[in-house]
Amino acid sequence: MIEGSRITTTVNRCSMVDLTEQVQRLRADEFGRDLFTIPAFEMLLDLYTCRGRQPRSLTALTAVSSASERNSQRIVHRLARRGLVKLRRDPNDGRRILVELEPAAGELLDRFFDRLVELVAVPPASKPNEC
C-alpha cells in the first residue's frame, strides 16, 4: 500500500489485456502453473491478442494452455460448440485443424476488458480494515 502519494495512470482496453497477461504469468510463477488453471481463458486470451496472426493451429493453441494437450483439445471443442471459436481443416494440410476466434467472442472479450477498465478507473469506496 502506498500512503501519502497519488498514483496517476491511464487505463484502456489494451492496458487491461496486458495487465491480465502479466497477472496470469505472475500467478503461474508464484503459485505454480498446475495449482490454479484456467485453460479456456488462456486460449481465448491467446486468440484475442493474436488476432493478426490467426488462424492458429490446434497444436499451437493447446500449447498455451495450462491443461494437458488432450484436455486442451476437449476445451477447444467446447469453445467451438459455444460459438466462441471456429474450427476448420487447413486447406494445405488436411491433418491440421485451424482455430479462429469468432467475431462475437472478440466482442465479448472487448466488453470484458472494457469492464475491467471501468473497475480500475472507478474503484469501489474502501472500507475500514480492508486492503
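Computed from the coordinates by the stated procedures, all read-outs in this text should not be read as laboratory data. All values derive from a computational prediction rather than experimental measurement. Here the Cβ positions follow ideal geometry from the backbone for every residue, glycine too, while neighbour counts run over all protein chains shown.
Counted without the sites themselves, the longest stretch of the chain free of trypsin sites (Lys or Arg not before Pro) in a DSSP loop having at most 14 other beta carbon atoms within 10 Å is 83-131.
Remark: the chain carries a charge dipole of roughly 640 debye about the Cα centre, counting +1 on each Lys and Arg Cβ and -1 on each Asp and Glu Cβ. Please return the longest stretch of the chain lacking exposed loop sites, where GluC sites (Glu not before Pro) count only if DSSP places them in a loop and at most 11 other Cβ atoms lie within 10 Å. After excluding every exposed loop site, the longest remaining stretch is 4-129. For region 13-121, the relative contact order is 28 percent, taking Cα pairs closer than 8 Å that sit 6 or more residues apart in sequence and dividing their mean separation by the residue count.
At 24 Å minimum axial length over the Cα atoms and a Kyte-Doolittle cut of -0.5, report the qualifying DSSP H helices in the chain, or say none. Helices meeting the span and hydropathy rule in the chain are 103-121.
Need one word for region 13-121: rounded, prolate or oblate. Basis is the Cα gyration tensor (sqrt eigenvalues a ≥ b ≥ c); a/c below 1.5 gives rounded, then a/b vs b/c decides. Cα axes put region 13-121 in the oblate bin. Using the rule -39500 (n - 2.57) for each DSSP H run of four or more residues, divided by the residues of the chain, the 222 nm mean residue ellipticity is -16500 deg cm²/dmol.
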